[in-house]
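Below is one structure; the comments refer to it alone.
The values are calculated or read from the model by the stated rules, or taken from the named source; none is laboratory data. Computed from a predicted structure; not experimentally measured. Here Cβ is always computed from backbone atoms with ideal geometry, including for glycine, and neighbour counts include all displayed protein chains.
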Ligand code: NOJ
């Protein structure tokens, strides 16, 4: 094994392509580090941990929403797009954080939430105070209810977190919320809405933000012509063909063309990555094109089983898609919306699903009694090393570098996720998304495992101590050490975005490919050890057994 020091230079270079093969680390700010002592993570906490990020070796941070919010949906309910939640910090602290990150050679991507605001946004409050038909109501999606006095909803559509997607406002009108009732959808036909978002993008770009992660980028434009379809009719529309009235409509790209024009006025151009769970690769590629947002998350690997054939198909498809769109590929295994990959990979395939664990598991934390923790961690380490060897951007989620599992054991009255309370997954015994949002363990003990001086806003389990940064930092066999070494090697070895399958080794449970500079990655998805090709073993996700690669492991070799 080689040991490498991390070399990160302050950001001065105007490298327009910095994002193409960046390692981006997602911070869910309320659960990262709490400096103020109120149990909620904050910007000062992030600044205090920049040395950690630097040692980890990431190129950029993606910061989930930090805006003022009542937290009806973990901050994805934004009260004010051009401010910082006072519990998290101030605009001055934001500027200090940007300077400190840049000084450490780390870029900053911020989350932007354009489909909906919170119901406390001043525009929504003004809309409620204004009469039907007013310009204030034009910024959101209001419709008359049915029935004699509008007492029935305009349509029976279901919201993404469960329950009805329309909420009455007491005067016969109802407003649309694709997510929670506290998240009213904007009307993107309104020029005022479009201009206001351009203003917001300028505001953060001027403050030195390097890029944006665009929340539910495919949902903004809706065809709401009357009569509105029923929920059953909605389900029958073909989203893949661009025919769905509420999702993945072609016209949404007009919005991003305007955004791109704005981004390209900066030097280097601001980047953007679409969060768009669209049905086809072709649709995803449109968000990723250089005239649109420039990059789009692929959740294909995240949804796959730990399976060589599935991984290979997905990698081939995604690389082909990137060649066609001009974007680089994106690889993701974990984020704040899904069960951590160490846990997914330690759970048995769901009954009735023969080949794919399926998206049902993605949003679940259990059943914990069926979880093989060690197997899950081994596979997660192997998958991450494979990910880090692929051409394109790797998006990591805070805590995965500690091999953290999902926290399934959170009492209902301590949970926060609206998806848990509003019935999403209820029929599948789902636990919602709180289990991957538990504040990070920095220390091996203490009341918050070093997260901060106060009781954290979500409870941490006892086993967090053994997974903490403190417990792992000095242990060369820990997952944290593996991530550090892998990221340092990735920086050293990364070159162009090509990959060549090593067909003589890639068979059955084994996937092997080479990158330029003699960098070879071999993953054994099975359980029996396999031979490795000749060359210097740079790193392996689990110790080799008699020079062979054990099951559920990846090794990097310099040929
Ligand atoms: C996607 C975000 O990742 C998720 O956390 C949020 O609940 C929805 N969009 C609504 O904003």
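What to note about this one:
Let's see how each residue does on (1) more than 20 Å from the chain's Cα centre (by Cα); (2) buried (at least 20 other Cβ atoms within 10 Å of the Cβ); (3) more than 16 Å from the ligand (Cβ to nearest atom); (4) not in a loop (DSSP other than H, G, I, E, B):
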site: 242; (1), (2), (3), (4): yes, no, yes, no
site: 245; (1), (2), (3), (4): yes, no, yes, no
site: 248; (1), (2), (3), (4): no, yes, no, no
site: 255; (1), (2), (3), (4): yes, yes, yes, yes
site: 259; (1), (2), (3), (4): yes, yes, yes, yes
site: 267; (1), (2), (3), (4): yes, no, yes, no
site: 276; (1), (2), (3), (4): no, yes, no, no
site: 279; (1), (2), (3), (4): no, no, yes, no
site: 290; (1), (2), (3), (4): yes, no, yes, no
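- Selection from region 322-338 of residues that are under 20 Å from the mean Cα position of the chain (by Cα) and in a helix (DSSP H, G or I): 322
- Once region 113-165 is narrowed to residues that are part of a strand (DSSP E or B) and surrounded by 21 or more Cβ atoms within 10 Å (Cβ to Cβ), the residue that is nearest to the ligand (Cβ to nearest atom) is 116.
- Counting the residues of region 292-321 that are in a helix (DSSP H, G or I) and within 23 Å of residue 344 (Cβ to Cβ) gives 15.
- Conditions (1) more than 16 Å from the ligand (Cβ to nearest atom); (2) within 24 Å of residue 299 (Cα to Cα); (3) part of a loop (DSSP other than H, G, I, E, B): number failed by residue 180: (1)
- Counting only strands (runs of 3 or more DSSP E) that fall entirely inside region 466-548 and contain at least 1 residues that are in contact with a helix residue (DSSP H, G or I) (Cβ under 8 Å, 6 or more places away or on another chain) and either farther than 30 Å from residue 20 by Cβ or modelled with pLDDT under 95 (or both), no element qualifies.
- Taking region 413-437 as the range and being surrounded by fewer than 22 Cβ atoms within 10 Å (Cβ to Cβ) and at pLDDT 90 or above as the test, the residues that pass are 413, 414, 415, 416.
- Number of the condition not met by residue 201 [criteria: (1) more than 16 Å from the ligand (Cβ to nearest atom); (2) surrounded by 18 or more Cβ atoms within 10 Å (Cβ to Cβ); (3) closer than 17 Å to residue 245 by Cα]: (3)
- From the list 91, 108, the lone residue that is away from the ligand (no atom under 16 Å from the Cβ) and out of contact with any helix residue (DSSP H, G or I) (no Cβ under 8 Å at 6 or more places or on another chain) is 91.
- Failed item, numbered, when residue 297 is tested on (1) at pLDDT 95 or above; (2) in contact with a helix residue (DSSP H, G or I) (Cβ under 6 Å, 6 or more places away or on another chain): (2)
- Residue 72 vs. criteria within 11 Å of the ligand (Cβ to nearest atom) and surrounded by fewer than 24 Cβ atoms within 10 Å (Cβ to Cβ): yes
- Test result for residue 233, within 21 Å of residue 155 (Cβ to Cβ), out of contact with any helix residue (DSSP H, G or I) (no Cβ under 6 Å at 6 or more places or on another chain) and free of Cβ contacts under 8 Å to residues at least 12 places away in the same chain: yes
- Within region 168-193, the residues that satisfy the criterion of being surrounded by 19 or more Cβ atoms within 10 Å (Cβ to Cβ) and out of contact with any strand residue (DSSP E or B) (no Cβ under 8 Å at 6 or more places or on another chain) are 180, 182, 188.
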